[in-house]
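Colleague: What follows is a structure written as structure tokens; I'll ask about it next.
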2 protein chains.
Amino acid sequence: MIKNPNGWPPQYDNEYFPSPQERYWFKDMETMNPVRRDEIIFKKLKAQIAYAYEQAPFYRRRWDQAGIHPEKIKSFADFRKIPLVHKHEIREDQAKNPPFGSYLCIPREQVFRIHGSSGTTGKPTAFAIGRDDWERIGNAHARIMWGFGLRPRDSVFIGSFFSLYLGSWGALAGAERLRLTCFPFGAGLPGQTLMALRWIKDMQPTAFYGTPSFALYVAERAREEGFDPLKDFNFKTMFFSGEPGAGIPATKKKIEESYGCKCIDLGTMAEMTPWMTNGECDFRTGMHLWMDIVYTELVNPETKEVVDYGQEGVPVYTHLERTSHPMIRLYSGDLATWTNEPCPCGRTYPRLPKGMYGRADDMFLVRGENVYPSGVEGALREVAGFGEEFRIIITREKAMDELIVQAEYSKEVAAKVKTNPQILERLKREMEDKLKARIGVRGHVELVEYGKIERTQFKARRVIDKRDLYK
Amino acid sequence: MIKNPNGWPPQYDNEYFPSPQERYWFKDMETMNPVRRDEIIFKKLKAQIAYAYEQAPFYRRRWDQAGIHPEKIKSFADFRKIPLVHKHEIREDQAKNPPFGSYLCIPREQVFRIHGSSGTTGKPTAFAIGRDDWERIGNAHARIMWGFGLRPRDSVFIGSFFSLYLGSWGALAGAERLRLTCFPFGAGLPGQTLMALRWIKDMQPTAFYGTPSFALYVAERAREEGFDPLKDFNFKTMFFSGEPGAGIPATKKKIEESYGCKCIDLGTMAEMTPWMTNGECDFRTGMHLWMDIVYTELVNPETKEVVDYGQEGVPVYTHLERTSHPMIRLYSGDLATWTNEPCPCGRTYPRLPKGMYGRADDMFLVRGENVYPSGVEGALREVAGFGEEFRIIITREKAMDELIVQAEYSKEVAAKVKTNPQILERLKREMEDKLKARIGVRGHVELVEYGKIERTQFKARRVIDKRDLYK
């Protein structure tokens, strides 16, 4: 199963398979007493930390400043003193140390795969993955896919695009390791969804990977084109990441009823992928945290202390077997609740019974871009003619997010409208261009008169998300 | 190098590498006396044919009818009696034996990858590839990529989309086998080219794979955005398939001058890929036919007899190491001239010194779709109100092909135009819808009066291709 049980990083045996009747990929590890498993995890954690300290100026600098040395980390309590990493810090580090940042731990010529966040603003994050990491990713994915019921006789349709985004590639790497029939169809090209329907009907793949919103869109398009997703398609297992949704009861139910399938929720952060180590088993009781692959804590967003089971917190992730671009205590900003109550599957990992259901900050995701109200505000304030207040409305028409920004125009602009009626059109366009340049998303600006948007004493609730992503 | 030198199919050693200074991947095989190599090829050919006969009802049926039995094939002369396979035959076979046709030679559950032609008409062809085939593909690609100069220190940007189309996947499989840094960026998503420019600048990949027209489009967009492809980008080697172009002197020169790179022409047929065994070496004297991977003949389009070196003919391809979906004597319909004159690289393979420069039939390619004038004619004739004659004009604006169909309207329609001026608009729309449904491509119909398009005594030259693909 593992060729070097006492070494780090682990080398998995690519020929290993449990028997098809077996529920678990690595039975002992998955069902072990968590206290005993923690000992194994801690060994991997120590090795990963020592490696990162040695190879990455980024970590060495930060930890030296915090007075932390890997050798002094003797317990999880010591580990929790390591400063959290925030997304903006790695983005800044990459800007200073292009293109991969000073947390790249392998020689550049050993980078096997380059991926990244889409960041059309010119500030994307690059993700580097080494060749042996890629093999471990395949093994980790295969194990979790086995856990939600896929077996070598299955065939998987991958309906998300193959480019910078790692979700599709991780699903493919896992499917290859599991020796499934892989149908990497992709998505997003003009006319591709229509073509997909015919191929899905003809090939009868038994599994689907993509985003929940795309799966619902495919079902809708299918019905429009005269297909019945329940009868004409053969998806038994549909697994998702890239968005919340598959963990939200109403969405899960809609997907399962549309296709007659099991809807499996997965999800982590782009910086952690393609390790996709929050993942449901086929009992769908919420995502298990596959702790011996990626170590996950749940912390209070204010105090940053680990919260008890039953409590709400923010997942913080630590790679345990990544040599290329390891993340040590990466703060996700997502909101979840965790539990150690048993799952009928018998795995002893902690679980997120309600999935990810919100954000600890006010970030929102539009067409795959992370957007903060503060970014919108900054862009508007750069435009002469902006009034004072604004509001953000996000809707979803079919599979496409729409960003609407209602912005006040200033009293000065109001005074000029009569003599110069085109001033509003120009102002609107200027704001839209500035938004695109600053936040990477083109929004529709709706101008409103000064004073028309409600002021509040407290932090304004400026974002109205009509997509019901978390409901 | 090969783990089973006397067995079939060959099992390549995935750890094998020549020394980086070595020009050849498999020196002996590539530089051998062709007569001696033919003996080796013939052994593979025999094994491939016997396998196909045993596993594929499609071949058994055809060969039995033609009185051919694999055991009776003792020479290349015998081999040449095997009936040619035409594309429409495999399409028909797949329609009768869905989804993979009766020429699938492995059990369906052993299909490792599904790809296909795009065929938006509902008549695409499905390509099945087995797991061990996929490994051989990686080895074959790596060998040809080595031949045009790529080495493990290189990094390759793959700028063509990852979906049904196999070109991108083959380039990736080869790059992975060569242990290059792979940057599978894709193409075709809205806004993706603009994003590509920034990533290419930041990551400085040394190699590019895509279509020649896309490479030229990227250079043009780069200049519009203030980049100089020569200074800001670092492409040393750009290799192409999917279109002719990289073998056409003017296009090759333009690409090499735009980027300061070596422009490498590759190309075969979708049914043969991702084995991409017509490929230039870094001397760029025309594509070598890597005959011990895919056996290639050049035949006279009328007599279907093999032509002498120096003559023009149509490439006919035979897989030599494919267990999944082997093609035996697949007629390509492309036009090329072949030679056995030596190349400075020292390889002793025959060459296509002018690449592929035309078609033996009147098929043309629009936005990746194979279109025949007979298909256009059939669609038009289904529309009441069509006159008698038509003409097809194909243009390319930037990277996008445009299909214009000039069609006469009937005398009956002409009589009604005065009283019913909207009749022409309706007729035009009906023709465009019919074309889309029948040939899979949306064209612009330009209606012209009855009798205005020239009649000829001979086969009308109905296709005007303004894209200069072959010039």
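Colleague: Please quote Rg/Rh for chain B to two decimal places, taking the Kirkwood radius as Rh and restricting both calculations to Cα atoms.
Modeller: With Rh from the inverse mean 1/r over Cα pairs, Rg/Rh is 0.99.
Colleague: Could you name the aspartates and glutamates in cross-link range of A:LYS418, using Cα to Cα under 18 Å and dropping any fewer than eight places away on the same chain?
Modeller: By straight Cα distance, A:LYS418 reaches A:GLU408, A:GLU449.
Colleague: Modelling each spin label as a point 7 Å along the Cα-to-Cβ direction, I'd like the A:SER410/B:ALA415 distance in nm, to one decimal.
Modeller: The two pseudo-label positions are separated by 7.1 nm.
Colleague: Taking only Cα atoms of segment B:364-470, what ratio of Rg to Rh do you get with Rh as the Kirkwood inverse-distance radius?
Modeller: Dividing the radius of gyration by the Kirkwood radius yields 0.98.
Colleague: Arrange the peptides A:60-73, A:180-193, A:359-372 so that the one whose residues have, on average, the most other Cβ atoms within 10 Å appears first.
Modeller: Put in order of decreasing packing, that is A:180-193, A:359-372, A:60-73.
Colleague: When Cβ neighbours within 10 Å are restricted to other protein chains, what is their mean count per residue of peptide B:172-182?
Modeller: 3
Colleague: Same structure again: Using the Cβ atoms and a cut-off under 13 Å, what net charge is assigned to the surroundings of B:ARG426, where Lys and Arg are +1 and Asp and Glu are -1?
Modeller: Cβ neighbours under 13 Å give a net charge of 0.
Colleague: In addition: Sticking with the crude label model, points 7 Å out along Cα→Cβ, report the distance from B:SER75 to B:GLN311 in nm, one decimal please.
Modeller: Distance between label points: 1.7 nm.
Colleague: Moving on. Helix A:423-439 versus the longest principal axis of chain A: what is the Cα-based angle in degrees, 0 to 90, to the nearest 10?
Modeller: For A:423-439 against chain A, the angle is about 20 degrees.
Colleague: Just tell me how shielded B:184-196 is by partners: mean number of partner chain Cβ atoms within 10 Å of each residue's Cβ, no decimals.
Modeller: Across B:184-196, the average partner-chain Cβ count within 10 Å equals 5.
Colleague: Same structure again: Tell me the relative contact order for chain B as a rounded percent, counting alpha carbon contacts under 8 Å between residues six or more apart.
Modeller: Answer for chain B is 13 percent.
Colleague: Which GluC sites (Glu not before Pro) in segment A:291-363 sit in a loop by DSSP (not H, G, I, E or B) and have at most 14 other Cβ atoms within 10 Å of their own Cβ?
Modeller: Listed in order of number, the matching sites are A:GLU302, A:GLU305.
Colleague: Related question: Contact order normalised by length for segment B:58-193, with contacts defined as Cα pairs under 8 Å and 6 or more residues apart; what percent is it?
Modeller: 18
Colleague: Per q in 0.05, 0.08, 0.09 Å⁻¹, report the Debye log10 I(q)/I(0) for the protein assembly as shown, using one uniform scatterer on each alpha carbon and no solvent.
Modeller: Listed by q, the Debye log ratios stand at -0.33, -0.85, -1.06.
Colleague: Another question, then. Considering only the label points, 7 Å along Cα→Cβ from Cα, what distances in nm to one decimal separate A:GLU109 from the same position in each other copy, shortest first?
Modeller: Spelled out, the distances from A:GLU109's label point are 4.5 nm.
Colleague: In addition: From the phi angles alone, apply the Karplus equation (6.51, -1.76, 1.60; θ = phi - 60°) to segment B:285-291 and give each ³J(HN,Hα) in whole Hz, x where the residue is Gly or Pro.
Modeller: 3J(HN,Hα) across segment B:285-291, in whole Hz: 9, x, 6, 6, 9, 6, 5.
Colleague: While we're here: Report, in debye and to the nearest 20, how large the dipole of segment B:1-360 comes out about its Cα centre when Lys and Arg carry +1 and Asp and Glu carry -1 on their Cβ.
Modeller: Using Cβ point charges on Lys, Arg, Asp and Glu, segment B:1-360 gives about 240 debye.
Colleague: For each pair in A:LYS3/A:LYS27; A:LYS43/A:LYS81; A:LYS87/B:LYS231; B:LYS87/B:LYS254; A:LYS123/B:LYS252, compute the distance between the two Cα atoms and list the pairs where it is over 22 Å.
Modeller: With Cα atoms farther than 22 Å apart: A:LYS87/B:LYS231; B:LYS87/B:LYS254; A:LYS123/B:LYS252.
Colleague: What does the charge count around A:GLY149 come to, taking other residues whose C-beta lies under 13 Å from its C-beta (Lys +1, Arg +1, Asp -1, Glu -1)?
Modeller: Around A:GLY149, the surrounding residues sum to +3.
Colleague: Once the Cα atoms of helix A:34-55 and of chain A are each reduced to a long axis, what angle between those two axes, in degrees from 0 to 90 to the nearest 10, is obtained?
Modeller: 70
Colleague: Lys and Arg at +1, Asp and Glu at -1: add these up for the other residues within a Cβ distance under 14 Å of B:GLY191 and post the number.
Modeller: Overall, the nearby charge balance is +3.
Colleague: Amide H of A:GLY358 versus every other amide H placed in the peptide plane: which residues, excluding those fewer than 5 positions away on the same chain, fall under 5 Å?
Modeller: For A:GLY358, the qualifying residues are A:LEU335.
Colleague: Smallest Cβ-to-axis distance in chain A, for the rotation taking A to B: which residue, how many Å?
Modeller: Taking the axis that maps A onto B, the answer comes out as A:PHE162, 2.
Colleague: Report the antiparallel proportion of the DSSP beta bridges in chain B as a percent, rounded to a multiple of 5.
Modeller: In chain B, approximately 60 percent of DSSP beta bridges are antiparallel ones.
Colleague: Can you tell me the FRET efficiency between B:GLU446 and A:GLU256 if r is taken as the Cβ-Cβ distance and R0 is 56 Å, rounded to the nearest 0.05?
Modeller: Between B:GLU446 and A:GLU256 the formula returns 0.65.
Colleague: If packing is taken as the mean number of other Cβ atoms within 10 Å per residue, what is the order of A:246-253, A:145-152, highest first?
Modeller: Averaged packing, sorted descending, gives the order A:145-152, A:246-253.
Colleague: Say a label goes 7 Å from Cα toward Cβ at B:PRO301 in every copy; what distances in nm does this one have to the rest, shortest first?
Modeller: In ascending order, 6.8 nm.
Colleague: Another question, if that's okay. Could you sort A:125-136, B:80-91 so that the peptide with the highest average Cβ count within 10 Å comes first and the rest follow in order?
Modeller: Highest mean packing first, the order is A:125-136, B:80-91.
Colleague: Additional query: Compute the label-point distances linking A:LEU194 to its equivalents in the other copies; points lie 7 Å from Cα along Cα→Cβ; give nm, one decimal, shortest first.
Modeller: Its label point is 2.6 nm from the equivalent points in the other copies.
Colleague: A further question follows. What average count of beta carbons from other chains do you get within 10 Å of the Cβ of residues in B:99-112?
Modeller: Per residue, the average neighbour count from other chains is 2.
Colleague: Ignoring everything except DSSP H segments at least 4 long, calculate the 222 nm mean residue ellipticity for chain A; use -39,500 (n - 2.57) per segment, divide by total residues, nearest 500.
Modeller: Rounded to the nearest 500, the figure is -9500 deg cm²/dmol.
Colleague: Related question: For the protein assembly as shown, what is the charge dipole size about the Cα centre, in debye to the nearest 20, if Lys and Arg each add +1 at the Cβ and Asp and Glu each add -1 at the Cβ?
Modeller: Taking the Cα centre of the protein assembly as shown as origin, the dipole is about 60 debye.
Colleague: Helix B:249-259 against the longest principal axis of chain B: what's the angle in degrees, Cα atoms only, rounded to the nearest 10?
Modeller: 70
All of the numbers you see were taken from the coordinates with simple rules; none came from a lab. Keep in mind it's a predicted model, so treat the numbers as computed, not measured. Glycine also receives a Cβ, built like all others from the backbone with ideal geometry; neighbour counts cover every protein chain displayed.
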